[in-house]
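A short write-up of the structure that comes next.
Where a number appears in this text, it was derived from the coordinates with a stated rule and is not lab data. Computed from a prediction, not measured in an experiment: that's the story for all the values here. Quick reminder, even Gly has a Cβ in these numbers, built from the backbone with ideal geometry, and neighbours come from all protein chains shown.
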């Protein structure tokens with residue numbers, strides 16, 4: 001039987017993951033529904049053209065071809081969403097790709113919050129290969145924590161730097177003078193700094209916080 005402290009740490013990490021997924025639910029839904037709405041739109045256009053003679057048949061064939069492409073894109077999107085729910089063991093990604101995906105997903109409501117992100121990740125750091133599950137989980141949790149702890153409009157600065165066999169990602173939230181269209185609100189439970197620390201420990205990732213910035217240090221996969 002595992003030590004009690006270890007079991008509690010795992011349960012705490014799983015509880016945080018549940019909170020994060022609750023917060024991401026809207027973004028995940030929009031991601032999938034956007035693809036499906038494209039398929040619906042193309043199908044409706046094709047159906048309207050069926051009775052328009054030879055020209056209509058040609059157009060319908062064109063729309064069917066586009067539906068096939070859109071369906072493939074939708075399948076890829078669904079696979080990507082499932083990865084958030086159940087990451088493939090040992091899967092890797094580049095730091096730049098992970099940051100882009102996390103910002104897009106966590107920033108689903110940023111337009112309403114007048115919040116923006118600036119990302120500066122030089123080529124070598126952006127191309128660094130890291131654990132997909134660790135990067136996605138910790139980056140998105142850090143971004144969500146920043147917005148939970150800093151109500152109002154924000155400028156979120158994200159910067160990456162390669163440091164030997166590790167790559168560091170620094171995230172900082174600064175108040176903005178932009179007026180949000182809607183008042184800020186916390187979705188489900190508010191995330192705290194301790195939540196990031198818990199997940200970082202679960203993934204064996206170094207996490208530090210200093211001078212208002214939160215820094216994640218990921219091991220570079222296959223670093224030489």
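Modelled label positions at residue 177 and residue 18, each set 7 Å beyond Cα in the direction of Cβ, lie 4.4 nm from each other. Taking Cα atoms only, the orientation of helix 132-149 departs from the longest principal axis of the chain by about 80 degrees. The length gained by stretching the chain between residue 50 and residue 80 to full extension, at 0.36 nm per residue less their Cα-Cα distance, is 7.4 nm. How far, in degrees from 0 to 90, does helix 193-203 lean away from the longest principal axis of the Cα atoms of the chain, to the nearest 10? The angle comes out at about 80 degrees. Give the angle, between 0 and 90 degrees and rounded to the nearest 10, that separates the Cα long axis of helix 53-85 from the longest principal axis of the Cα atoms of the chain. The two axes meet at around 20 degrees.
Rounded to whole Å, the principal axis extents of the Cα atoms in region 62-164 read 46, 38, 26, largest first. Across all directions, the shadow cast by the convex hull of region 4-85 built on its C-alpha atoms averages 5.9 square nanometres. The largest-to-smallest principal axis extents of the Cα set in region 6-54 are 69, 15, 8 Å.
When Cα extents along the principal axes in Å is computed from the coordinates, the matching label among (1) 44, 39, 32; (2) 83, 44, 36; (3) 70, 44, 40 is (3). Taking the fewest neighbouring Cβ atoms within 10 Å as the starting point, the ordered list for 187, 220 is 187, 220.
Listing 85, 216, 24 from fewest to most neighbouring C-beta atoms within 10 Å gives 85, 24, 216. The reciprocal of the average 1/r between distinct C-alpha atoms defines the Kirkwood hydrodynamic radius, which for region 92-219 equals 14.7 Å.
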